[in-house]
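Since the structure comes first, as structure tokens, the remarks are kept for the end.
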Number of protein chains: 2
Amino acid sequence: MPFDPERRTAWLPDLLYDGTHFDRDRTFVTDERAGHLSEIGFPDIPAAPRAVRLKNRALFPGLVNAHSHAFQRVIRGRTEFRSSERDTFWTWREMMYSAAERLTPEDVYDASRMAFLEMALSGITTVGEFHYLHHNPDGTPYDDPNLLAKQVILAASDVGIRIALLRTAYARPGFDAEPNPRQSRFITRDAGEFIEHTEELRAELARGEQAYAKQVRGDAPPPPGLTPRGGRLARERVPLAWVGVAPHSVRAVPLEYLREVAAYARARKRVVHMHVAEQPAEVEACRAEYGRTPVALLSEEGLLDERFTAVHAIHVTTGEAHLLGSSRAHACACPTTERNLGDGVVPADLFFDRGVRVALGTDSHAQIDLLEDARELELNLRLAKLSRAVLPPAASDNPSIKPPPRPSSLAARLFECATASGATSVGGRALERARPGDFFTVALDDPSIAGAGDDDLLAAVVFSSSRAAVREVCVGGRLIVENGRHFAQDEIVARFSALQRKLWG
Amino acid sequence: MPFDPERRTAWLPDLLYDGTHFDRDRTFVTDERAGHLSEIGFPDIPAAPRAVRLKNRALFPGLVNAHSHAFQRVIRGRTEFRSSERDTFWTWREMMYSAAERLTPEDVYDASRMAFLEMALSGITTVGEFHYLHHNPDGTPYDDPNLLAKQVILAASDVGIRIALLRTAYARPGFDAEPNPRQSRFITRDAGEFIEHTEELRAELARGEQAYAKQVRGDAPPPPGLTPRGGRLARERVPLAWVGVAPHSVRAVPLEYLREVAAYARARKRVVHMHVAEQPAEVEACRAEYGRTPVALLSEEGLLDERFTAVHAIHVTTGEAHLLGSSRAHACACPTTERNLGDGVVPADLFFDRGVRVALGTDSHAQIDLLEDARELELNLRLAKLSRAVLPPAASDNPSIKPPPRPSSLAARLFECATASGATSVGGRALERARPGDFFTVALDDPSIAGAGDDDLLAAVVFSSSRAAVREVCVGGRLIVENGRHFAQDEIVARFSALQRKLWG
């Protein structure tokens, strides 16, 4: 479908889920002229020239994938051959590195588009891309230090989803560790240089957004607000791409460096993502270097706040969950990857109990199906505890947390992880407040959810739905998936297949 | 697509997987006149009047779902509401019972068709239905003691998949347990009566098969064999429906009863399925009654042989795995259900090590995606062991087992669980030997597997594919799913939706 920026559209599904409950006879209005904003209203909203009936569909807010390494799509399936030595996370990582060092900038674009295409087809409308490929394979910088980051952003833009480019700082192989030449593309030894390049990318994106907004709006005045009955129109634009920072881990970023990056992020209000406590060996190395665990160290250094996300956070204690929760930090679980890598199970029960907001990510892309990740947040704990319904359905009643009122079913909480918690994780509060006009629909007659009513549809979608049920996906008012097909699907797949033949054929 | 029994068809996919490796330029020939048999051959097979090119597809043997309770599809999603008491397997069971007691024979048909439809759409061509609904809700028998079993068989037939009706013996609530009126529909107190009714059903199916075969073949002579190059044509017919027996569990069937059913099964060469060691409480009750575990008891009683399948078999020891393996028995893992119910993880590592053939089942239908079950056989063990590649890629070298030569990748072994091991579990050796003309295809450009080559396609399909990739499904030469749609999909979904409104609306 061609992109027509002039459109204001009222979408009319059979059922509309707004994050707390289902409604019939409500519309989801997207307004691209106002800068990709939206409002939920009633069928008689006067300001929408175009109404699209989504028959036999339920409409949901777009999913937010808070942790991705898009290029790792190229090793899907190729890491399931057992090596002669004992296969572990660390041998998997060497295989991943061997792919990373062979990708040209164009390859990074093609691999990223493939990952983002599959995300779009499964209902994901925003991705947090934890991006650590910066240099030539031999470690020399490109003329443009953000060449590869821009390939990834361009890929997201061409697929049509939003992207938080979480620019990753990687300074060393680890505490007392030998240099690994396969990490040459990742490393920026100087924190100042890392910050400077991050700011350059931010500035370039801001210039692009301004030009884009001007092009979309033309000279027209801002559109009139909707009628009071239709609700207020948010005034901020929701950008399509923005920058956060990602000090890779306490292993890969020494303390002084981390402090500099943290100070920068705090001053500029950037979100900060870090890998935290994914592997026991990483926790042990942190203890050896600093005499404390990663979460304790980050807490003491003042990094834990509402803009911080601890990715994985598997090997943590109740006390550490409390540190994350009381600081309003996020955790990001990546269950399909964590089971594939044998990392373990994120203690979401501790996190929910302590008010930690849990986002979800597809990470290594062993699978791309964020609803499978959402259900595994609960189901993998059931395996560990030999019980059912491990996670509490209601929001934490920890009085120091005061979360907004939220739905009280387990399915609703898991869905919140895949949407609102992901939005605050990768975009900060602004993204959640601005209510981007992003949605996906499911076919109510798909066999994976057929027969569900208003009261159990969300449970069916979260616990049982297949990607095949996803039919339309819309980002900022633009329909990028229609009847289960993406507008550029064939070309993206063909280019990716050619890349895989080049890499492995 | 209308069913034309006159067709002999050569299917020509891009890639054909025969259980050990991929081939290009080979055909899969189905011959409905010969009674739903098939052969893998070459494009120049002369005897196929019709050739169907399956462009951009890989063709795989049909999946075998070895453990199903089809009617439980009606509670999907409805058991994810946390009850006020602690939610466990046993509280889940009460919810399931409350649905079971409300279903009319027609409801059983509609619910079963829905489950079988979803199976077909995910590549399943044969189901082992562990069927325990026999009577009126108050426990009085129907005039036809197999009324409900026939509803289920009819449902499979109308969807077009093969069914092993594993007729379930349920004699009591448990050792020293209070009667549970919600089990009234299951119970047949007398073993002789159970066997008699099972034989009646078997005889009726045999008469139906004979009539069917006559109708399909007409008066024509058996079709000529294929050329030697195309391979030999199997002579046996593969039935569409057959009967096995399923003493529910050592809890629900006392020892004397079990002995009678086992003697019957042995004499008539019926497969025997039992729930074994799904829950710790069940193992404890067996110890209390018999002073030994379920597997030890079954071994002493001589039930373990190549026609026996221990469903679940979670809480077993290394020694018990050895008992199962050395007797050539099967285990049937149901990972998506077992994680949903908090049962635990099937020790497939022990089973593979001891030569136990592991089949797979979707059981409660929390999800219906047998390839997800296949990958979880490995992935749930990774979570338990915090490692990768837990299961050995090669077949057991236990000299007492002598399995046929098999492929040596982990993906191939998991795929074998979903196909060949399921076939021997529900159909005995006959089903595997007869090579039914059942297959499914995946679209090679589906984003979940795109870019995979001959060497990693199987790993991509097993570890990463979505149901959306499945495009054609063929049973005995009859195409029941075409381009991702089943020929009766809309009607089946509409009827099931009406049923759900009646039950829960």
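The values are calculated or read from the model by the stated rules, or taken from the named source; none is laboratory data. All of these numbers come straight from a predicted model, not from anything done at the bench. Every residue, glycine as well, gets a Cβ built from its backbone with ideal geometry; the counts of neighbours run over all protein chains shown. These accessible areas exclude ligands, DNA and RNA; they are computed on the full protein's heavy atoms, side chains included. Shrake-Rupley method; radii C 1.70, N 1.55, O 1.52, S 1.80 Å.
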Exposure of A:H135 as accessible area (Å², to 10), given a probe of 1.4 Å and all protein chains | 20
Computed on protein heavy atoms with a 1.4 Å probe, what is the summed buried accessible area for the chain pair B and A, in Å² to the nearest 100?
-> 5300
Across the residues of A:90-96, average count of Cβ atoms on other protein chains within 10 Å?
-> 1
So how do B:W242, A:W504, B:W11 rank on accessible area, 1.4 Å probe, biggest first, that is with the largest at the start?
-> A:W504, B:W242, B:W11
Count charges around B:R266 for me, please; just the other residues with Cβ under 9 Å from its Cβ, Lys/Arg as +1, Asp/Glu as -1.
-> +3
Within a 10 angstrom radius of each residue's Cβ in B:372-379, how many Cβ atoms of other chains show up on average? Whole number is fine.
-> 3
For region B:477-482, what does the Karplus curve 6.51 cos²θ - 1.76 cosθ + 1.60, with θ = phi - 60°, yield as ³J(HN,Hα) per residue in whole Hz, taken in order and with x for Gly and Pro?
-> x, 9, 7, 9, 10, 10
Starting from the amide H of A:H273, placed 1.01 Å from N in the peptide plane, find each other amide H under 5 Å away whose residue is 5 or more places distant or on another chain.
-> A:V245, A:A246, A:T309
In the full protein assembly as shown, how much of B:R357 is accessible to a 1.4 Å probe, in Å² to the nearest 10?
-> 50
B:M95: net charge of surrounding residues, Cβ under 10 Å, Lys/Arg +1, Asp/Glu -1, itself excluded?
-> 0
Put B:R270, B:R307, B:R24 in order of accessible area, largest first, 1.4 Å probe: what do you get?
-> B:R24, B:R307, B:R270
Among the aspartates and glutamates, which have Cα under 17 Å from the Cα of B:K55 when same-chain residues fewer than 8 positions away are ignored?
-> A:D490, B:D14, B:D23, B:D25, B:D445, B:D446, B:D454, B:E472, B:E482
Region A:106-115 - phi-based ³J(HN,Hα) in whole Hz, Karplus 6.51/-1.76/1.60, Gly and Pro as x = 5, 4, 4, 4, 5, 5, 5, 4, 4, 4
Between region B:482-500 and region B:96-175, the alpha-carbon center distance in angstrom | 18
Could you list which residues have their amide H under 5 Å from that of B:W11, counting only those 5 or more apart in sequence or on another chain, with H placed in the peptide plane?
-> B:F28, B:V29, B:T30, B:V52
Would you list B:E204, A:E196 from the most to the least accessible area, probe 1.4 Å?
-> A:E196, B:E204
Compute, for B:Y257, the solvent-accessible surface of its heavy atoms (probe 1.4 Å) with the complete set of protein chains present, and express it in square angstrom to the nearest 10.
-> 10
Ranked by how many other beta carbons lie within 10 Å on average, peptides B:466-474, A:451-459, B:479-487 from highest | B:466-474, A:451-459, B:479-487
Under the rule rounded for a/c under 1.5, else prolate if a/b exceeds b/c, else oblate, using alpha carbon gyration tensor axes a ≥ b ≥ c, region A:418-505 is classed as oblate
Excluding residues on the same chain fewer than 8 positions from A:K502, give the aspartates and glutamates whose Cα lies under 13 Å from its Cα.
-> A:E106, A:D107, A:D110
Calculated from backbone phi, Karplus (6.51, -1.76, 1.60) coupling profile of region A:362-377 in Hz, x at Gly/Pro | 8, 6, 7, 6, 3, 9, 10, 6, 5, 6, 5, 4, 4, 5, 5, 3
